[in-house]
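The values are calculated or read from the model by the stated rules, or taken from the named source; none is laboratory data. The model shown is predicted, which means the values in this text are computed figures rather than measured ones. Note that each Cβ is placed from the backbone with ideal geometry, even for glycine, and that neighbours are counted across all protein chains shown. Ligands, DNA and RNA are stripped out before the accessible areas are found, and what is left, the full protein with its side chains, is counted by its heavy atoms. Shrake-Rupley method; radii C 1.70, N 1.55, O 1.52, S 1.80 Å.
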Amino acid sequence: MQLSSDKMIARKDDGIGWVIFNNPQKHNALTHDMRKALLEIFDAYDADDEVRVIVLKGAGEKAFVSGADISQFDEGDREAREDVSHRAWARYGQSPKPVIAMIHGYCLGGGLLVALNADLRIASEDAQLGVPAARLGIAYPYDGVRKLVDSVGPIKAKEILFTGQRYSGAQAASMGLVNEVVPLAELENRVRAIADVMRNNAPLSMRASKTLVDEICKSPEDRDMAACEAIALICANSEDLAEGKLAFKEKRRPVFKGR
Ligand code: COA
């Protein structure tokens, strides 16, 4: 199956499934076709046991993602466009695998929402993060704003949204918008090192953690407690748990298979 398209690149490498936004002429602005390609890439990575961690990054030197492609705002059927947009945005939240956003340069608007739906965000010092909604006159979707509030709290969320200003990597880290900030030259190595740790950890255990954290962040009436119980049971009965216990006893590194 050919996954990559010219503006959306999928590349597997050492347990990492890279998802590369490749529209550098527009600072990686997200087009409708890129979102559709992204959905296909995630379906393929989720089904691929070789992929243990997914990393999102922007091509070129200038940007992670500069937001939705503004030139497409009035194109085609709005409902169909918004449907794909919502599904693509929600998609990495639904992946059972850990998703890391590797952020350099511009990470704006819909680009910040992309990053917010990843599980971890590692930014370079040169990153510029913000939501210029108020400069365009658009309202951001409920789920996206909720993620923002979950990350930085209502006071900072309002500042970010009301001003539309851009924040450096260090400012973003200090308000909890990203996990960590590193010099640009170290960004990829740092992300690879984190992915490497996760690649060797038990996939089902990380999946359980992701499910639980995400369900806890939902409103109580929306929580899927059955999913939380089901994944706990899968872990309890897994070959990997037996391997983890045996490896501990034998004082060696466990080799997990994700089953
Ligand atoms: N959608 C469509 N085109 C975009 C874009 C976006 N989100 N972001 C950048 N571009 C285009 C610019 O229009 C420009 O195209 P041109 O060369 O045909 O004029 C090109 O990318 C380069 O951008 P430019 O503005 O010249 O670069 P810059 O370094 O001066 O500024 C930004 C970069 C990202 C700050 C600026 O382009 C910007 O504010 N973009 C919009 C960001 C935004 O509002 N995102 C939220 C959308 S949900």
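Computed values, structure above
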item: For segment 139-211 and segment 103-117, distance of Cα centres in Å; result: 9 Å
item: Percent carbon-and-sulfur accessible area, segment 1-156, ignoring ligands, DNA and RNA, probe 1.4 Å; result: 49 percent
item: Förster-model FRET efficiency, 30 Å R0, Asp143 and Arg259, C-beta, rounded to 0.05; result: 0.45
item: Computed magnitude of the charge dipole of segment 1-160 (debye, nearest 20; Cβ of K, R +1, Cβ of D, E -1); result: 420 debye
item: Accessible solvent surface per residue of the chain, calculated while the other protein chains remain in place, 1.4 angstrom probe, Å²; result: 52 Å²
item: Dipole of segment 1-87, positive end: most advanced residue of Ala29, Leu39, Ala80 [Cβ charges, Cα centre]; result: Ala29
item: Reduced Cα scattering model of the chain, Debye log10 I(q)/I(0), q = 0.09, 0.14, 0.15, 0.16 Å⁻¹; result: -0.41, -0.98, -1.12, -1.26
item: Helical mean residue ellipticity (222 nm; -39500 (n - 2.57) per DSSP H run of 4+; nearest 500) of the chain; result: -14500 deg cm²/dmol
item: Antiparallel DSSP beta bridges within segment 1-148, percent to nearest 5; result: 25 percent
item: Listed residues Ala202, Ala185, Ala232, most fluctuating in the chain (Gaussian network, C-alpha, under 10 Å); result: Ala185
item: Candidates Asn23, Asn201, Asn189: whichever shows maximal mean-square fluctuation once the chain is modelled as a Gaussian network with Cα springs under 10 Å; result: Asn189
item: Rounded to 5, the percent of DSSP beta bridges in the chain classed as antiparallel; result: 30 percent
item: Within a Gaussian network of the chain (alpha carbon springs, distance under 10 Å), most fluctuating of Pro183, Pro98, Pro203; result: Pro183
